[in-house]
Amino acid sequence: MSKRVATRPTWTMVSSIGAALGALVMMTGAQAQTAAAAPEMTPAEVEAGKKIYFERCAGCHGVLRKGATGKNLEPHWSKKAPDGSTQEGGTLKLGTARLEKIIGLGTEGGMVNYDDILTKEEINLMARYIQRTPDVPPEFSLKDMEASWKLLVPVAERPKSQQNKINLKNVFAITLRDAGKLALVDGDTKAIWKILDTGYAVHISRLSASGRYVYTVGRDGLVTLIDLWFAEPKTVATVKLGADARSVDTSKFKGFEDKYLIGGTYWPPQFSIMDGETLKPMKIVSTRGNTVDGDYHPEPRVASIVSSMIKPEWVVNVKETGQIMLVDYSDIKNLRTTTIESAKFLHDGGWDASKRYFLVAANASHKIAAVDTKTGKLAALVDTKKIPHPGRGANFMHPKFGPVWATGHLGDAVVTLISTPSDKAAHGKFKQYNWKVVEELKMPGAGNLFVKTHPKSSNLWADLPMNPERENAESVYVFDMKDLSKPPKKLDVAKDSGLPQTKALRRATHPEYNQAGDEVWISLWGGKTDQSAIVVYDDKTLKLKKVITDPAIVTPTGKFNVYNTQHDIY
Ligand code: DHE
């Protein structure tokens, strides 16, 4: 093993936006940390490497570079193979020239090419940087959280009733990824209502049980609480969860509406519980521990979190350990947690139609894990094609197999349909299919991220933003759920937007329905300096309805309709 420097680097945490970046790049001890055979780097190059690693690489490879969705990137690693022999590898063994090729051109294993994102010099810098011993960011305690907490408008000073005439149920919260902002768009008029500052590269937005508050979380761990009842939406509180985060959700069970918020972090590996109306920090729980294979892992990151409607519980999915935690929030002081073993590496997922089962992708195992939240047990581990990536998935009645939940795949050209149980007597005949893959719908290529439908629709929408072909990445595909034997209809979102073609791909991603379930909104995600757009289609006719574009719509990705997100409709 390469030698890690004994003294921990001195880190300074600050709580402003970009602070997480600062935290990850600001390390006075960096100069002292020279890995034995790693290529020479100046202190400025090390700082630049840290920043790029956090922004572009840590999500897949982990802060400590132990690998998850992406490969292990430690300078040197060794592991026991199934036949008992010892395998060795590492970035030092690969060397700068080979690493430059991998970073620039990508791999068949699913790593995207960075030659159109990073310059040649940056690729060379990263090839050298990842041969160094990983930089360990600081921990983040409850006291750190408290110090970062800003209550901008106390509850008593907030409106007692809605002060605007907007149909809040049809508002869309849209991530403006690289701008570090959130756009709130009126779904009825399609006008931009308000754009607010948030954390860096907001990942998801979730709604409070009442539908009044929007919560967003940035990759930098900054949670923003937005109140939709003011004349114009207003940020009423912010807090930092740590240096790197992806998920939040609220308490939705009867009697706990808008009471608590939970947030999960990639770094430090933990989840935090806050007051739902003020974000006042209440508790932090570490997720460090053993994987389902029995190995200790120092960085088990918190991936998706959802809130149960049938119990006062959150489902917390821990990526590296493959453990699914059911966290009972009825007594925060004496927190009870059920930990369910599943498979690695847990990522995103959604509820089945009955909202009793939560289905989550164990993407490196090519499986979907289903948890029965009523019994608190694993219901099934379903084998699928490579790298399932459901987003929240999609639920509908299959003409032959009854209730199914759908997931797309990053690693294969299919949309998988899994039969899910139902208590309805009329569905008894479908029981034989439960937890089986009943059909794989053919897509024109791999690289899907999100699928979506709506109870009022007979269409199933699937994107392909990670497909290397322009014509696939810039389009979405629509299956007719009444006749799944037909190939999907292709909608060329980039062309329909009417915007001039750009050199880099503009990825068409994240279909989201309006409240009525008769329109589908797609993000056309261009580069930071390109004109991007939200392209709206009529769900019945598949005809273009509206292109929402504005210089402020920078890198739009996730879109969250208030009503559908509040009620988990997908
Ligand atoms: Fe996501 C959901 C993690 C890259 C857009 N993404 C999630 C969730 C996790 C996650 C854990 C589930 C949250 C939940 O439900 O509580 N995403 C990660 C990564 O680790 C990864 C691979 C790399 C990274 O560095 O972040 C990653 N994600 C992306 C993107 O590049 C996407 C396409 C654009 C963006 O905005 O960054 C992206 N992820 C999304 C979206 C959701 C999401 C839109 C919510 C889907 C939904 O419908 O609920």
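The values are calculated or read from the model by the stated rules, or taken from the named source; none is laboratory data. Computed from a predicted model, the values in this text were never measured in an experiment. With ideal geometry, Cβ positions are generated from the backbone for all residues, glycine too; neighbour counts draw on all protein chains shown.
Can we say Ser272 is among the polar types (S, T, N, Q) and within 16 Å of the ligand (Cβ to nearest atom)?
Details: among the polar types (S, T, N, Q): yes; within 16 Å of the ligand (Cβ to nearest atom): yes.
For Ser272, the condition - among the polar types (S, T, N, Q) and within 16 Å of the ligand (Cβ to nearest atom) - is met.
Give me the residue from region 414-455 that is under 21 Å from the mean Cα position of the chain (by Cα) and over 20 Å from Trp351 (Cβ atoms) and, out of that set, surrounded by the most Cβ atoms within 10 Å (Cβ to Cβ).
By that ranking, first place goes to Gly447.
Which strands (runs of 3 or more DSSP E) does region 320-428 wholly contain that include 2 or more residues that are within 16 Å of the ligand (Cβ to nearest atom)?
Numbers: elements: 323-328, 336-341, 346-351, 357-362, 367-372, 377-383, 388-398, 402-409, 414-419.
In region 320-428, 323-328, 346-351, 357-362, 367-372, 388-398, 402-409 are the strands (runs of 3 or more DSSP E) which contain 2 or more residues that are within 16 Å of the ligand (Cβ to nearest atom).
Residue by residue, here is whether (1) in a loop (DSSP other than H, G, I, E, B); (2) loosely packed, with under 15 Cβ neighbours inside 10 Å holds:
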site: Lys93; (1), (2): no, yes
site: Ile103; (1), (2): no, no
site: Gly109; (1), (2): yes, yes
site: Tyr114; (1), (2): yes, no
site: Leu118; (1), (2): yes, no
site: Glu122; (1), (2): no, no
site: Leu125; (1), (2): no, no
site: Arg128; (1), (2): no, no
site: Gln131; (1), (2): yes, no
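Looking only at residues in region 76-86 that are modelled with pLDDT of 90 or more and exposed (fewer than 10 other Cβ atoms within 10 Å of the Cβ), which one is nearest to the chain's Cα centre (by Cα)? Can you show your working first?
Quick first cut of region 76-86, residues modelled with pLDDT of 90 or more only: 76-78, 85-86.
So of that shortlist, the ones also exposed (fewer than 10 other Cβ atoms within 10 Å of the Cβ) come out as 85-86.
Values: Ser85: 36, Thr86: 34 Å.
Filtering region 76-86 for residues that are modelled with pLDDT of 90 or more and exposed (fewer than 10 other Cβ atoms within 10 Å of the Cβ), the one nearest to the chain's Cα centre (by Cα) comes out as Thr86.
Do we have any residue at all in region 221-238 that's within 14 Å of the ligand (Cβ to nearest atom), under 22 Å from the mean Cα position of the chain (by Cα) and outside any strand (DSSP E or B)? So that I can check it myself, show each step before the final result.
To start, the set of residues in region 221-238 that are within 14 Å of the ligand (Cβ to nearest atom) comprises 221, 223.
Of the ones still in play, those that are also under 22 Å from the mean Cα position of the chain (by Cα) are 221, 223.
Restricting the remaining residues to those that are outside any strand (DSSP E or B) gives 221.
Yes, region 221-238 contains a residue that is within 14 Å of the ligand (Cβ to nearest atom), under 22 Å from the mean Cα position of the chain (by Cα) and outside any strand (DSSP E or B).
Within 23 Å of Ser365 (Cβ to Cβ), away from the ligand (no atom under 16 Å from the Cβ) and touching a residue at least 24 places away in the same chain (Cβ under 8 Å): does that describe Thr291?
Working: within 23 Å of Ser365 (Cβ to Cβ): yes; away from the ligand (no atom under 16 Å from the Cβ): yes; touching a residue at least 24 places away in the same chain (Cβ under 8 Å): yes.
So Thr291 fits the description; yes.
Would you point out which residue out of Asn170, Asn164 is surrounded by fewer than 17 Cβ atoms within 10 Å (Cβ to Cβ) and more than 16 Å from the ligand (Cβ to nearest atom)?
Values: Asn170 fails: surrounded by fewer than 17 Cβ atoms within 10 Å (Cβ to Cβ).
Going through Asn170, Asn164 in turn, the sole match is Asn164.
Please list, ordered by residue number, the strands (runs of 3 or more DSSP E) wholly in region 487-570 having 2 or more residues that are in contact with a Lys or Arg (Cβ under 8 Å, 6 or more places away or on another chain) and crowded, with 21+ Cβ neighbours inside 10 Å. Walk me through how you get there before you give the answer.
Working: elements: 489-492, 507-513, 519-525, 533-538, 544-548, 556-561.
Per the criteria, 507-513, 519-525, 533-538, 556-561.
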